[in-house]
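Structure, as C-alpha cells:
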Amino acid sequence: MTTPAPTFGRITQPAGTPPDPKEMDALLQRVCDLLQEGRFDTGDRDLIGQMVEGLGDTRGMVRLQFAETLGKGIGKPAVPQLIDALANHENPVVRRASAKTLTLIRDPRAVPTLVNAFLHDEDTVVKGSSIGALADTGKPSVPVLLEVLSDPSQPESIKGHAAWALGVIGSDAADELFKAAVSDMDDVRQAAVGAIAGIAREKQDQRAIATLIAALDDNNTEVRLEAASALGEVQSTAARPKLIEHLADSDSDVRKGMALALMKVGDRDTVSVLKGVLAKEADPDIKRVMKLAVSQLQNRLGITDTGD
C-alpha cells in the first residue's frame, strides 16, 4: 500500500548499542538551551537526527523528554527524520517513540509511513502507536483508513483498529464518513456507521441520526446492530417506528438489538408492541431480552405491570 520514506543522513549507533546516557543528557540540555534562546536551527538535520537517536535511550523519562522536545519544541521541521526513523530504524524502541512523537505533531506528511508501520511493522507496540498517530492526525488519515477497511486481505484485528481510528476522528471528517456510510463494502459501512454514531452521541447531529435510521435497513446484520445500538444511546424518538419494524427482522441478534434500543427510546405504546411481539416469539433467548426490555421500559415510564 505504501513504501518506506527515503533515508537521509541519520546519525546512528552501532546496531544494538543504546545511546550513551551522558551524551544524551548533554544533547538534551543543549537543545533546550537553544530553543529557549531562540537560536535553534530547524535546518540542522544532524542535530535533529541525534535527537531522534535519543528516542532510543534506555531511560523512559529521557525518551519522553526527547519526544516532547521534538514534538512540541521543534515540531514540523523534525517530521522528515521521524518518518525516516519510523520506516527504517533497526531499534523498535526508536520506531515506537517516533510514532508517538508524530502523534504530537499531527503532520499529514507522515500518514503514508504511519499506515505502512501499522500494517507491516513486526512490533505490536509500533503498530499500536502508529494507528494512534493516524487517529490524532485526523481528516488526512481517513482515505487510507477507508482503504484498509475495503481491503479483503486485511484481518479483522487490523480492520477493527482502523474502525476505532475513524471513530476517534469522528466529526472532523463528517462528510467523508457520510459518504462511506453508503459504500458497497460491508466493513466500510459498518465502520462509518460506528463513527457516525459517535457524532450523533456527541452533538445530537440530525444528519447523523437520519443516517443511523437509514442504516437500520442495511442488508448487513452488523451494520443494523451498530445503528440500533447508537440510536438507543442517543434516545432518538424519531427512530422508534423503524426500530419497531425491525422487531420482525429475520436475524435473531437484530431482533434483540432492536428491543434493547426500544428499551431506551420507547414510549407507552411501545410497551404494548413489545408485549405483542413477546407473545409470538419462540426463541427463549430473545424472549428473555424482550422481557427485560418491557420491564425496564415500564420502570422508566412508571407503568405498573397489569399482566396484559
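The values are calculated or read from the model by the stated rules, or taken from the named source; none is laboratory data. These numbers come from a predicted model, not from an experiment. Cβ atoms come from the backbone with ideal geometry, glycine included; neighbour counts cover every protein chain shown.
Of all residues in the stretch 88-105, count the ones that are surrounded by fewer than 22 Cβ atoms within 10 Å (Cβ to Cβ), among the aliphatic types (A, V, I, L, M) and more than 16 Å from ASP136 (Cα to Cα).
The total comes to 1.
LEU64 - would you say it is in a helix (DSSP H, G or I), crowded, with 21+ Cβ neighbours inside 10 Å and hydrophobic (A, V, I, L, M, F, W, C)?
Spelling it out, it is not the case that LEU64 is in a helix (DSSP H, G or I), crowded, with 21+ Cβ neighbours inside 10 Å and hydrophobic (A, V, I, L, M, F, W, C).
Search the stretch 249-279 for residues being within 36 Å of the chain's Cα centre (by Cα) and either over 22 Å from GLU222 (Cβ atoms) or not assigned by TED's automatic domain parsing to the domain that holds ILE303 (or both), and hand back the single one that is surrounded by the most Cβ atoms within 10 Å (Cβ to Cβ).
So, considering only residues that are within 36 Å of the chain's Cα centre (by Cα) and either over 22 Å from GLU222 (Cβ atoms) or not assigned by TED's automatic domain parsing to the domain that holds ILE303 (or both), the one surrounded by the most Cβ atoms within 10 Å (Cβ to Cβ) is GLY266.
Out of curiosity, is SER130 surrounded by 16 or more Cβ atoms within 10 Å (Cβ to Cβ) and touching a residue at least 40 places away in the same chain (Cβ under 8 Å)?
yes
Checking the condition of a type outside the set (Phe, Trp, Tyr) and closer than 19 Å to VAL142 by Cα, which residue from ALA197, ALA228 passes?
Only one candidate passes the filter, namely ALA197.
Which of (1) more than 31 Å from the chain's Cα centre (by Cα); (2) surrounded by fewer than 18 Cβ atoms within 10 Å (Cβ to Cβ); (3) of a type outside the set (D, E, K, R); (4) assigned to a helix (DSSP H, G or I) is the odd one out, the single condition ALA282 does not satisfy?
(4)
With the structure loaded, tell me whether ALA173 is of a type outside the set (D, E, K, R), within 13 Å of the chain's Cα centre (by Cα) and buried (at least 17 other Cβ atoms within 10 Å of the Cβ) or whether it fails that test.
Criteria met by ALA173.
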